[in-house]
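S.K.: Sharing a structure with you now.
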Amino acid sequence: FVLWYLFRIHRAGEEQPLKRIRDDIRLSRVVAILAAMVLAPITASAFTAAKSALPFAVPFYLDAPLASFERTLFGIDPWRISHAVLGWATPAIDRAYLTWLPVMLVAFNLVLLSKPSELKTRSLIAYLVMWPAVGTLGSYLFSSAGPIFYNAIFGKGFEGLVPMLRQEGATGTLAAYEHLWRAYSSQSVALGGGISAMPSMHIAMAFWLALTMRAAFPKVQAVGWAYFALIWVGSVHLGWHYVLAGLAGTIGAALVWRVGPYLAIRAGSRPAVETPAVAEPAE
């Protein structure tokens with residue numbers, strides 16, 4: 001962002017670049033950005049700690065009902081359908097799914113560095129509220145481990161999933177699986193640790209990205225929706241989440257997005273965009 005900003009000043013042929021920088025940079029905006037940059041990792045750390053404590057506070061109870069319902073609904077485990085159709089694409093899906101964290105970090109910082117607007121306020125509120133409301137509270141209400149951990153925790157039920165992932169080359173998923181399982185079995189808090197399947201924060205945040213892109217860049221919003229669909233399919237294909245966990249994450253994200261403007265009003269924030277003055281009619 002800084003390099004692009006300096007390049008624009010250079011390209012404009014600014015005769016007094018230091019004065020231009022002083023005029024452009026407002027202390028209040030700098031403070032707000034720094035505060036958000038500090039709060040974001042604190043929020044993520046708190047989420048990781050709460051997620052790691054989940055199975056000891058509320059033992060996983062929803063996996064068996066979810067698995068049974070989806071088998072009844074689809075006639076078979078949804079991940080089996082996915083692998084029958086897309087098994088050849090497992091390595092690509094595995095790599096694409098691993099882009100979720102960097103994509104969300106880049107998206108958050110791009111929103112954070114954008115000019116003040118009502119959309120920016122709404123998007124940031126939704127982003128920061130979604131982690132405790134959907135991610136933490138939701139995971140405690142619907143405590144579940146997910147298909148990839150089903151056998152390791154409950155003994156049997158998804159015997160073919162992990163061997164299939166190994167056979168098809170989902171190396172990133174298997175590495176993450178082993179990391180999370182070590183943290184869970186040792187009852188320790190690890191970076192990015194914690195097991196929780198419902199609701200899916202991967203899909204909730206991908207939906208947040210799609211909503212933000214729809215509002216900010218309507219002409220290319222298809223990219224956001226395609227990424228949202230890819231993450232949802234990947235979450236089922238790789239065994240991280242049930243189909244219904246994705247639906248729950250989407251509904252949770254939609255509700256937070258909807259109430260975001262009301263939360264801003266309740267907090268006493270003023271509209272971030274000044275209403276253009278209406279020209280007086282000529283006499």
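The values are calculated or read from the model by the stated rules, or taken from the named source; none is laboratory data. Being a predicted model, the structure only gives us computed values, none of them experimental. In this analysis, Cβ positions are derived from the backbone assuming ideal geometry, glycine residues included, and neighbour counts consider all displayed protein chains. Heads up: the accessible areas ignore ligands, DNA and RNA and are worked out on the full protein's heavy atoms, side chains in. Shrake-Rupley method; radii C 1.70, N 1.55, O 1.52, S 1.80 Å.
S.K.: Among VAL256, ALA67, GLY146, which residue has its Cα furthest toward the positive end of the charge dipole of the chain, with +1 on Lys/Arg Cβ and -1 on Asp/Glu Cβ?
M.R.: Sorting the options by dipole projection puts first VAL256.
S.K.: A follow-up question, please. For a protection proxy built on the mean count of beta-carbon atoms within 10 angstrom, sort 39-47, 7-15 highest first, please. Display every interim value, and only then the final one.
M.R.: On the way: 39-47: 13.4, 7-15: 10.1.
Result, highest mean Cβ count within 10 Å first: 39-47, 7-15.
S.K.: At a probe size of 1.4 Å, how large is the accessible area of TRP225, to the nearest 10 Å²?
M.R.: 80
S.K.: Another question about this same structure. Which order do MET213, MET104 take by accessible area at a 1.4 Å probe, largest first? Intermediate results must be reported in sequence, preceding the final value.
M.R.: Numbers: MET213 35, MET104 5 Å².
Listed by decreasing accessible area, they come as MET213, MET104.
S.K.: Determine the shape class of segment 1-95: with a ≥ b ≥ c the square roots of the Cα gyration tensor eigenvalues, call it rounded for a/c under 1.5, and otherwise prolate if a/b is greater than b/c, oblate otherwise. Working shown, then result.
M.R.: Working: a/c = 5.22, a/b = 2.09, b/c = 2.50.
Oblate, since a/c reaches 1.5 and b/c is not below a/b.
S.K.: Out of these labelled values of log10 I(q)/I(0) by the Debye sum over Cα atoms at q = 0.07, 0.09, 0.10, 0.15 Å⁻¹, (1) -0.23, -0.38, -0.47, -1.06; (2) -0.27, -0.45, -0.55, -1.11; (3) -0.33, -0.51, -0.61, -1.17, which was calculated from the coordinates shown here?
M.R.: (3)
S.K.: Which of the peptides 147-157, 19-29, 129-139 is most tightly packed, and how do the rest follow, going by the mean number of other Cβ atoms within 10 Å of each residue? Let's see the in-between values first.
M.R.: Values: 147-157: 17.6, 19-29: 10.5, 129-139: 20.0.
My ranking of the peptides, most packed first, is 129-139, 147-157, 19-29.
S.K.: Report the FRET efficiency, 1/(1 + (r/R0)^6), for LEU141 and VAL220, where r is their Cβ-Cβ distance and R0 is 35 Å, rounded to 0.05.
M.R.: Numbers: r = 35 Å, r/R0 = 1.01.
The calculated FRET efficiency here is 0.50.
S.K.: State which entries of LYS19/LYS219; LYS51/LYS120; LYS51/LYS115 exceed 31 angstrom in Cα-Cα distance in the structure shown. If you can, show how the numbers build up before the last one.
M.R.: Working: LYS19/LYS219 36 Å; LYS51/LYS120 28 Å; LYS51/LYS115 33 Å.
As for pairs spanning more than 31 Å Cα to Cα, those are LYS19/LYS219; LYS51/LYS115.
S.K.: Per DSSP H run of at least 4 residues, take -39500 (n - 2.57); add these up for the chain, divide by its residues and hand me the 222 nm value, nearest 500 deg cm²/dmol.
M.R.: Working: 15 runs with 197 residues, N = 283.
Value at 222 nm, helices only: -22000 deg cm²/dmol.
S.K.: I need the GluC sites (Glu not before Pro) found in segment 122-209, filtered to DSSP loop residues with at most 11 other beta carbons within 10 Å of theirs. Show your work: numbers first, answer last.
M.R.: Details: sites: GLU159, GLU168, GLU178; in loops: GLU159.
Here the GluC sites (Glu not before Pro) that fit, given the DSSP loop and packing criteria, are GLU159.
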